[in-house]
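The values are calculated or read from the model by the stated rules, or taken from the named source; none is laboratory data. None of the values given here were measured: they were computed from a predicted structure. Cβ sites come from the backbone with ideal geometry, for glycine too, and all protein chains shown count toward neighbours. Remember, those area values only see protein heavy atoms, side chains included, never the ligands or the DNA or RNA. Shrake-Rupley method; radii C 1.70, N 1.55, O 1.52, S 1.80 Å.
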Amino acid sequence: MSAHQRCKNSALALSCIAAALLVLMPLSALADTEVEQVASRIKAVFLYKFCGYVQWPPEVFAAADSPLVLGVAGSDSIARELAEAVRGRQVGGRQLVVRQLDARDSINDLHLLYVAASAQLRMQPALSQVRDRPILLVTDSEEGLAAGGIINFSVQENRVRFDISMSAARRSGLSLSAQLLSVARVVRGQSP
């Protein structure tokens, strides 16, 4: 193995360790000013990783090389962190594109839509359009799953966690992997 390849492998290993520490680190261990930044980074990494554990119907892609389009509403910091997390990466051979949205923007080409709690009210018209479409709707509020979200973030025991609604996933025509379900805090609507 060349020195360049060893260096590249070491950098990848360090990146993986850093990401794992971010996910495992309790937010209470941080100063208040750092909490929002770290929580945004953790949520962005989760959003990127969710894409690898979701199967969209093939007809939602115009071509075999069409990108996965990830929309973010209500959080500039998560949009920035997500754009950084996906830069140069692919999922299932597809490039990842991040779009920052507001209530007037179209959701027609999205595959994932993240809606921060602060944007839930103003995004309500878009949320009602997402309900039965093959878009992975990720929310960030106490009412997230009740509002039609498939995945909802929460902070439990000073850690970012997520819950899943399998009935919302089925209604949207999305398949979620067993690996994703196994790391969720709660899975609702799962078949017995």
* For the stretch 130-166, enumerate the residues that are of a type in the set (S, T, N, Q) and surrounded by 15 or more Cβ atoms within 10 Å (Cβ to Cβ). => T139, S141, N152, S154, S165
* List pairs: first in the stretch 51-78 and buried (at least 20 other Cβ atoms within 10 Å of the Cβ), second small (G, A, S) and outside any helix (DSSP H, G or I), Cβ under 6 Å, 6+ apart or cross-chain? -> G74/A116; S75/A116
* What is the number of the single condition among (1) open to solvent by 80 Å² or more (accessible area, probe 1.4 Å); (2) touching a residue at least 24 places away in the same chain (Cβ under 8 Å); (3) basic (K, R) that R94 does not meet? -> (1)
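Is one or more of the residues making up the stretch 147-165 of a type in the set (S, T, Y), at pLDDT 85 or above and farther than 29 Å from Q37 by Cα? Full working, then the answer.
So the first thing to find is which residues in the stretch 147-165 are of a type in the set (S, T, Y), and the list is 154, 165.
Then keep just the ones that are at pLDDT 85 or above; that gives 154, 165.
Then drop every residue that is not farther than 29 Å from Q37 by Cα, which leaves none.
No: the stretch 147-165 contains no residue that is of a type in the set (S, T, Y), at pLDDT 85 or above and farther than 29 Å from Q37 by Cα.
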* Asked: Quick check, is R122 under 17 Å from I78 (Cβ atoms) and at pLDDT below 85?
  -> yes
* To do: Scan the stretch 136-162 and report the pairs whose first residue is farther than 16 Å from L181 by Cα and whose second residue is at pLDDT 85 or above and in a loop (DSSP other than H, G, I, E, B), with Cβ atoms within less than 6 Å and a gap of 6+ or a chain change.
  => T139/G149
* Structure fact -> When Y53 is run through (1) of a type outside the set (D, E); (2) over 18 Å from the mean Cα position of the chain (by Cα); (3) modelled with pLDDT of 95 or more, the failure sits at (2)
